[in-house]
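S.K.: I am attaching a structure below and will ask some questions about it afterwards.
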Amino acid sequence: MRVLVTRGAGFVSSHLCDALLAEGNEVLCVDNFLTGNRDNIAHLSHESRFELLEQDVCRAFDSGHVDYVFRFAAAPHPDFSDPQESGYGERARIGVQEWQKCVWWKLGAVQPWH
Ligand SMILES: NC(=O)c1ccc[n+]([C@@H]2O[C@H](COP(=O)([O-])OP(=O)(O)OC[C@H]3O[C@@H](n4cnc5c(N)ncnc54)[C@H](O)[C@@H]3O)[C@@H](O)[C@H]2O)c1
C-alpha cells in the first residue's frame, strides 16, 4: 500500500512513518518543517519506499495515487503559526479542506485502516 502521512516529519508522525514502512508499505511524507526536525526522518533518507515532499499541506499538492491517508492535525502550538498569513484556526481549517480535496477529488476511494 502507498500511504500519505501529512505533517509526517514530526516527533509523533515520524514514528508512524517508521511503523508503516516496517509493515511493508510505501510512505509519502508531506511536511514543510515549520516545527519538524529533519533528524526525525534522517534515517529514512536511503529508504526507497519513503518519499518526502517538502510542502505546506495548506496548499494544494499532487500526491499521486495513495491507498490510505493519515492526516496529522495542526502545528503543536498556535505560536508556530505564521502571523503574516492567516491565523492558527484558519490554517487548520484550510489544511482540512486540502485534505478533503485529496481524499475525494484526487485519491478516489479511501478505505478505513485495519
Ligand atoms: N509530542 C507530544 O507529546 C504530543 C502529545 C499530545 C498531542 N500532540 C499533538 O500531536 C501533533 C504532533 O505533535 P509533535 O510533537 O509530533 O509536533 P511536531 O512539531 O514534531 O510535528 C508537527 C509536524 O507538522 C509539520 N507541519 C506543521 N504545519 C505544517 C504545514 N502547514 N504543512 C506541512 N507540514 C506542517 C511540522 O513541520 C512538523 O514536522 C500536534 O498536533 C500535537 O499537539 C503531541
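S.K.: Under 4 °C and 1.567 mPa s, how fast does region 1-56 diffuse according to Stokes-Einstein, given a Kirkwood radius computed over C-alpha pairs? Answer in µm²/s, whole number.
M.R.: Once the numbers are plugged in, D ends up at 120 µm²/s.
S.K.: Using a cut-off of 13 Å between beta-carbons, work out the net charge of the residues near Gly36 (Lys and Arg +1, Asp and Glu -1, Gly36 not included).
M.R.: It works out to a net charge of -2.
Every read-out reported here was derived from the displayed coordinates using simple, explicitly stated rules and does not represent laboratory data. These numbers come from a predicted model, not from an experiment. Here Cβ is always computed from backbone atoms with ideal geometry, including for glycine, and neighbour counts include all displayed protein chains.
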